[in-house]
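Below: one structure, written as structure tokens.
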Amino acid sequence: MSYKEQIDLNRVPVHVAIIMDGNGRWAKRQGKERTFGHQAGAETVHVIAEEAARLGIRYLTLYTFSTENWKRPVDEVAALMDLLIDSIEEETFMKNNIRFRVIGDVAKLPEKVRARLDACIARTSVNTGMSLVLALSYSSRWEITNAARCIAADAADGRLKPEGINEETVQSYLATSFMPDPDLLIRTGGEIRLSNYMLWQCAYSELYFCETYWPDFREEEFWKAICDFQKRERRFGKTSEQI
């Protein structure tokens with residue numbers, strides 16, 4: 001029985017977040033430049049996005065470019081920006097009823113990239129299926145710091161009372177306020193860390209790490225992760241008897 005046949009479609013995670021790791025190492029294994037791996041990884045994005053939409057997942061958030069990635073060689077960053085423009089396929093999103101969204105410090109992105117993103121966001125805003133969310137120029141520490149700054153400003157202006165600030169308040173100031181926290185976080189490439197990704201939101205997410213490099217992470221690997229998720233008991237601090 002394949003992993004797909006084992007999936008209970010009534011219990012698929014609502015929100016899946018993925019750290020797409022291993023593009024550069026995959027390319028090196030092929031004797032190619034790192035950009036070759038990023039190109040192959042972009043193809044995997046479309047494969048997994050379409051399959052997630054078919055499974056009924058409502059939100060798929062992909063860690064595409066972190067704030068720390070700006071420290072990479074200039075040529076690699078420029079190639080990644082060009083690839084981002086070329087790999088956004090609006091027709092694929094429209095065909096699959098996918099809504100496209102972005103989170104992160106997008107003001108740092110080149111103007112041509114922002115224009116391409118804005119055009120895709122606007123066109124797909126009418127779609128009612130899965131939301132594909134790219135985390136671009138994103139890090140959790142940036143997000144939480146920005147939220148704290150905005151909360152402080154609103155409190156100073158009298159729009160918030162400090163004693164009334166709670167978890168829901170903080171949540172509402174995060175870049176991800178429009179969607180639920182991830183049920184499942186997947187990281188490919190063999191590393192076992194969150195790398196400054198959704199630290200607040202993943203407090204109770206199920207974590208799944210695999211050795212497969214992102215360019216090789218296709219449907220079967222994705223189904224395997226979903227099956228693993230469905231075998232887990234999510235207690236959120238309660239006992240098994242209370243669930």
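The values are calculated or read from the model by the stated rules, or taken from the named source; none is laboratory data. All values derive from a computational prediction rather than experimental measurement. Reconstructed Cβ throughout: ideal geometry from the backbone, glycine too, with neighbour counts over all protein chains shown.
Just a few scattered comments:
- For segment 30-44, a residue qualifies if it is over 19 Å from ARG72 (Cβ atoms) and in a helix (DSSP H, G or I), and the qualifying residues are GLU43, THR44.
- Taken together, the residues in segment 187-243 that are part of a loop (DSSP other than H, G, I, E, B), out of contact with any helix residue (DSSP H, G or I) (no Cβ under 7 Å at 6 or more places or on another chain), at pLDDT 95 or above and among the hydroxyl-bearing types (Ser, Thr, Tyr) amount to 2.
- Count of segment 52-76 residues which are assigned to a helix (DSSP H, G or I) and of a type outside the set (Lys, Arg): 10
- Hey, ALA42 closer than 25 Å to PRO182 by Cβ, under 19 Å from the mean Cα position of the chain (by Cα) and touching a residue at least 60 places away in the same chain (Cβ under 8 Å) or not: no
- Condition check for SER131: on the phi > 0 side of the Ramachandran plot and either touching a residue at least 12 places away in the same chain (Cβ under 8 Å) or in contact with a Pro (Cβ under 7 Å, 6 or more places away or on another chain) (or both): no
- Taking first residues from segment 21-34 that are under 14 Å from ASN69 (Cα atoms) and partners that are among the acidic types (Asp, Glu) and assigned to a loop (DSSP other than H, G, I, E, B), the Cβ contacts under 6 Å between residues at least 6 apart in sequence or on separate chains come to ASP21/GLU191.
- Positions within segment 80-107 being in contact with a helix residue (DSSP H, G or I) (Cβ under 7 Å, 6 or more places away or on another chain), assigned to a helix (DSSP H, G or I) and closer than 24 Å to TYR197 by Cβ, in sequence order: LEU80, MET81, LEU83, LEU84, ILE85, SER87, PHE93, VAL106
- Single residue of segment 172-186 satisfying the filter (assigned to a loop (DSSP other than H, G, I, E, B) and not hydroxyl-bearing (Ser, Thr, Tyr)) that is surrounded by the most Cβ atoms within 10 Å (Cβ to Cβ): PRO182
- Qualifying residue in segment 204-218 (condition: farther than 23 Å from TYR138 by Cα and under 17 Å from the mean Cα position of the chain (by Cα)): yes
- Residue check, LEU160 surrounded by 15 or more Cβ atoms within 10 Å (Cβ to Cβ) and within 29 Å of GLU33 (Cα to Cα): no
- A residue that is among the small types (Gly, Ala, Ser), at pLDDT 95 or above, under 18 Å from the mean Cα position of the chain (by Cα) and surrounded by 18 or more Cβ atoms within 10 Å (Cβ to Cβ) cannot be found anywhere in segment 54-65.
- Checked against (1) in contact with an Asp or Glu (Cβ under 7 Å, 6 or more places away or on another chain); (2) farther than 27 Å from ALA203 by Cα; (3) not in a helix (DSSP H, G or I), CYS120 passes all but a single condition, namely (3).
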